1. Restricting to segment 87-131, and then to whatever is among the aromatic types (Phe, Trp, Tyr) and not in a helix (DSSP H, G or I), can you tell me which residue is farthest from residue 333 (Cα to Cα)?
2. How many residues, within segment 181-212, are buried (at least 24 other Cβ atoms within 10 Å of the Cβ) and under 17 Å from residue 255 (Cα atoms)?
3. Going residue by residue through segment 158-167, is there one that turns out to be in a helix (DSSP H, G or I), aromatic (Phe, Trp, Tyr), in contact with a helix residue (DSSP H, G or I) (Cβ under 6 Å, 6 or more places away or on another chain) and crowded, with 24+ Cβ neighbours inside 10 Å?
4. Across segment 387-410, what is the number of residues that are closer than 14 Å to residue 315 by Cα, assigned to a loop (DSSP other than H, G, I, E, B), of a type in the set (A, V, I, L, M) and in contact (Cβ under 8 Å) with a residue 12 or more places away in the chain?
5. Anything in segment 98-109 that is touching a residue at least 40 places away in the same chain (Cβ under 8 Å) and surrounded by fewer than 21 Cβ atoms within 10 Å (Cβ to Cβ)? List them, or say none.
6. Hey, can you tell me all the residues within segment 192-216 that are touching a strand residue (DSSP E or B) at 6+ places or on another chain (Cβ under 8 Å) and in a helix (DSSP H, G or I)?
7. Has segment 145-161 got any residue that is out of contact with any strand residue (DSSP E or B) (no Cβ under 6 Å at 6 or more places or on another chain), free of Cβ contacts under 8 Å to residues at least 40 places away in the same chain and more than 19 Å from residue 358 (Cα to Cα)?
8. Please state which of the following conditions residue 55 fails to meet, knowing it meets all the rest: (1) crowded, with 22+ Cβ neighbours inside 10 Å; (2) out of contact with any helix residue (DSSP H, G or I) (no Cβ under 8 Å at 6 or more places or on another chain); (3) under 17 Å from residue 409 (Cβ atoms).
Amino acid sequence: MPAKAPPRNALYAQSGGVTATINATAWGLIDEARRARRGGRPIGRIFAARNGILGVLREDLVDLSAESTAALAALRHTPGGAFGSCRYDLPPLPQGRVHYARIAEVFRAHGIGYFFYNGGNGSAETAQQLATILPDFGWPVISLAVPKTIDNDIVGSDVSPGFGSVAKFAATSLREASADLASMADSSTKVFVMEVMGRHTGWIAAACGLALPQGGDGPLLLLVPEITFDRRRFLEAVSARVARHGWCVVAVAEGLRLADGRRLTAAGGDGIPGHEQLGGVAPLLAAMLRRELRLKVHWSVLDYVQRAARHLASAVDVAQSEAVGHEALRLALAGHGNVMPVIRRDSDRPYRWHIEAAALETLMNRERKLPRRFLSRDGWRLSAAGRAYFSPLIRGEAVQPFADGLPVHARLRLRPLPRRLDSPWREPGRHKTGRKPR
């Protein structure tokens, strides 16, 4: 009688820009794996790769069995990437043959039968590559992508885990700044410009429309990449709102574009060719307003703060982030690889949702744009449809523990697995693409 095959070990890794809730997904997956193992399901030990797929290539893995349940559960309220992330694309074949051979070698050495890559639509390609290519290297693996991105641009998912929290933080920040501005506008600052992330899409900027109540031609303007920036029209809109209300606030996505397709930051704000910078559209707009309208203007760039603000996370987002981790593990144990668990909306009021498996080839390296119908006819405000979409995603406060006045984060041992391969990984050359960083 043939010997019984040992249980397959599971490997989890994080990829791309992190979020306030990516670690809640890690906890959901780890918790589900531990439950499955206790229940006698065909899963062995649970590992994590440090710094995403680079940790796999480097055989830099940690053993999660060395962590206490309390430490791992604290991932639910810990921002950042607890295991380190990376921006790295695997080359396609035949250029990437050495990469896939190395990954197969690492997986074989550590008995990895399940691989979970927690990232965005670009990271989905890495999961798909391992699912389809590794069998040719003698080591088939059940590989899944697990969703996260503050950009909210994963195709086929009603919302991307991580987005609800950044939307809540950005809208809250703008509401609070608006109260400050309104109190000083009579004799001081008239305009406040707040820049949020969104290199290609305007989901976060649009969510800032929740900052002020619905209705009227209020003192809030939304600028998104999906609507071409018109300098004259923008100046007129700001001037009109300052005249009517005494002040104006602007939420702008970093990827705001001109009619010729260039980002405003690449054009220097007035169509002047120059070196493009990532972020920095807020000071350009502020300078434009000072120069053309002779107004006192303040600006702010939320930058990393917006995606790290776990203290103001959306309870809905935390629940969804954890749920996709649980579901990814269940799908893997049921033999469903080459998929991503995505969120589907059942209703707005009451807000109901469920999770389905989507094939990776249907969503990888694609971006979901902000629908035009989510903005008013003039493009400056949220429409009723946009408000109905965004409102449920920011509901509830996922309160985290504090100590000495500061938030408590998970403290993991991150005990490394002993390396089993004789040769270290030697990078044959960084593979870069023109795609959005993951």
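The values are calculated or read from the model by the stated rules, or taken from the named source; none is laboratory data. What you are looking at is a predicted structure, and each value in this text was computed from that prediction instead of being measured. Don't worry about glycine lacking a Cβ; one is built from the backbone with ideal geometry, like all the others, and counts go over all protein chains shown.
1. 88
2. Selection size over segment 181-212: 12.
3. Looking for residues that are in a helix (DSSP H, G or I), aromatic (Phe, Trp, Tyr), in contact with a helix residue (DSSP H, G or I) (Cβ under 6 Å, 6 or more places away or on another chain) and crowded, with 24+ Cβ neighbours inside 10 Å, one finds none in segment 158-167, hence no.
4. Selection size over segment 387-410: 1.
5. 98, 105, 109
6. Hits for segment 192-216 are 204, 205, 206, 208, 209, 210, 211.
7. No, because not a single residue in segment 145-161 is out of contact with any strand residue (DSSP E or B) (no Cβ under 6 Å at 6 or more places or on another chain), free of Cβ contacts under 8 Å to residues at least 40 places away in the same chain and more than 19 Å from residue 358 (Cα to Cα).
8. It is condition (3) that residue 55 fails.
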